[in-house]
1. Give 208, 235, 309 a once-over and let me know the one that is in contact (Cβ under 8 Å) with a residue 12 or more places away in the chain, surrounded by fewer than 16 Cβ atoms within 10 Å (Cβ to Cβ) and either within 30 Å of residue 126 (Cα to Cα) or within 16 Å of ligand 2 (Cβ to nearest atom) (or both).
2. Exactly one of these conditions fails for residue 120: (1) assigned to a loop (DSSP other than H, G, I, E, B); (2) within 21 Å of residue 90 (Cβ to Cβ); (3) within 12 Å of ligand 1 (Cβ to nearest atom). Give me its number.
3. Is there a residue in the stretch 288-306 that is closer than 22 Å to residue 86 by Cα, modelled with pLDDT of 95 or more and assigned to a helix (DSSP H, G or I)?
4. Hey, does the stretch 64-87 have a residue that's in a helix (DSSP H, G or I) and away from ligand 1 (no atom under 16 Å from the Cβ)?
5. Suppose we filter 274, 325, 259 for residues that are modelled with pLDDT under 95 and touching a strand residue (DSSP E or B) at 6+ places or on another chain (Cβ under 7 Å); which single one remains?
6. Just need a number here: residues in the stretch 46-63 that are assigned to a loop (DSSP other than H, G, I, E, B), more than 16 Å from ligand 2 (Cβ to nearest atom), over 30 Å from residue 94 (Cα atoms) and out of contact with any helix residue (DSSP H, G or I) (no Cβ under 8 Å at 6 or more places or on another chain).
7. Out of the residues in the stretch 133-158 that are within 11 Å of ligand 2 (Cβ to nearest atom) and outside any strand (DSSP E or B), which is nearest to the chain's Cα centre (by Cα)?
Ligand SMILES: Nc1nc2c(ncn2[C@@H]2O[C@H](COP(=O)(O)OP(=O)(O)OP(=O)(O)O)[C@@H](O)[C@H]2O)c(=O)[nH]1
Ligand SMILES: [Mg+2]
């Protein structure tokens, strides 16, 4: 059993207690939830120590079931992939339950999103503003209540920050990466065809060009080495943003085309996931799966809130199929 221990094991975790249901209807007569800024969310999420030093972040993962790690830069769509998968899987009879003691009791924001997780997932709005989902461990249970896997969704800058591309991963991610971790891991790396990263400036105040950011992201992904049991899925996210008809066959994305283009765009990104087994590599040269994905459609209101409409079930179905395949592999 692997445990990434909370700093203070005796800490009493507060479960529940929030009256705020996370859903917000602008036309409702119900009192509006207090307006929070990203700084307020950070204040509720991290202790003072953690805010000063990301390496002080402690998480607890004491369930030995496999971990699915959504790995991608900020804004790449990790939260929306989790939201879409939650809606799809619950429709299929699975249950998705936040793991409440993943974060310690000082993380009031985590307790709040645990309480309101379902309403956030089924809201007509993408999580954001007051309701940001930024750091979650969610268990996927079958209809008998057995845990199939746990999905980790963490802030993108913990995985990759273009301003500091060579900074080591935070300690909690390093613990998860550690080869002695007993949980099977499925790395779900997010890539995007035609990715146009947000403008970033380096420590000297110079603009970092987007090609450089992509190269640095590839190097980040390459820092994850596959052990014998590790598997990977490359999620080619936001395929709906690509309008080129040659990328689609009817309504469905042409997986081969997307994979080809991603291999070219993010040179070397698949390198650590070649099958090196001398017997099987001839008929199965890769240890990863590649899945085109879209969470759905987003429209931004004047207020800045994003309305969200789920897309074709085909996308979460294919992603879940890939996860199950890698769990069994
Ligand atoms: N077109 C399109 N846009 C998407 C899709 N999924 C997410 N987005 C957009 O990307 C934005 C960011 O998505 P998130 O899921 O919050 O990204 P994230 O990776 O969790 O970001 P961090 O938590 O900051 O690391 C959303 O607000 C949407 O505008 C998708 O499938 N298609
Ligand atoms: Mg997120």
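1. Values: 208 fails: surrounded by fewer than 16 Cβ atoms within 10 Å (Cβ to Cβ); 235 fails: surrounded by fewer than 16 Cβ atoms within 10 Å (Cβ to Cβ).
Of 208, 235, 309, the one residue that is in contact (Cβ under 8 Å) with a residue 12 or more places away in the chain, surrounded by fewer than 16 Cβ atoms within 10 Å (Cβ to Cβ) and either within 30 Å of residue 126 (Cα to Cα) or within 16 Å of ligand 2 (Cβ to nearest atom) (or both) is 309.
2. Status for residue 120: all satisfied but (1).
3. Residues of the stretch 288-306 that are closer than 22 Å to residue 86 by Cα, as a first pass: 289-299, 305-306.
Right, trim to modelled with pLDDT of 95 or more and you get 289-299, 306.
Next, from what is left, pick out any that are assigned to a helix (DSSP H, G or I): none.
Scanning the stretch 288-306 turns up no residue that is closer than 22 Å to residue 86 by Cα, modelled with pLDDT of 95 or more and assigned to a helix (DSSP H, G or I).
4. Pass one, the stretch 64-87, residues in a helix (DSSP H, G or I): 78-87.
Those left that are additionally away from ligand 1 (no atom under 16 Å from the Cβ): none.
No, that holds for no residue.
5. Details: 325 fails: modelled with pLDDT under 95; 259 fails: modelled with pLDDT under 95.
Of 274, 325, 259, the one residue that is modelled with pLDDT under 95 and touching a strand residue (DSSP E or B) at 6+ places or on another chain (Cβ under 7 Å) is 274.
6. Let us first name the residues in the stretch 46-63 that are assigned to a loop (DSSP other than H, G, I, E, B), namely 46-47, 53, 57-63.
With the extra rule that they be more than 16 Å from ligand 2 (Cβ to nearest atom), the set shrinks to 47, 53, 58, 60-63.
Then keep just the ones that are over 30 Å from residue 94 (Cα atoms); that gives 47, 53.
Imposing the further condition that a residue be out of contact with any helix residue (DSSP H, G or I) (no Cβ under 8 Å at 6 or more places or on another chain) reduces the set to 53.
Counting residues in the stretch 46-63 that are assigned to a loop (DSSP other than H, G, I, E, B), more than 16 Å from ligand 2 (Cβ to nearest atom), over 30 Å from residue 94 (Cα atoms) and out of contact with any helix residue (DSSP H, G or I) (no Cβ under 8 Å at 6 or more places or on another chain) gives 1.
7. Among those that are within 11 Å of ligand 2 (Cβ to nearest atom) and outside any strand (DSSP E or B), it is 154.
Rundown of residues vs (1) within 19 Å of the chain's Cα centre (by Cα); (2) closer than 21 Å to residue 81 by Cα; (3) part of a helix (DSSP H, G or I), yes/no style:
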residue	(1), (2), (3)
182	no, no, no
186	yes, yes, no
217	yes, yes, yes
235	yes, yes, no
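The values are calculated or read from the model by the stated rules, or taken from the named source; none is laboratory data. Quick caveat: nothing in here was measured; it's all calculated off a predicted structure. FYI the Cβ positions are ideal-geometry reconstructions off the backbone, even for glycines, and counts take in every protein chain you see.
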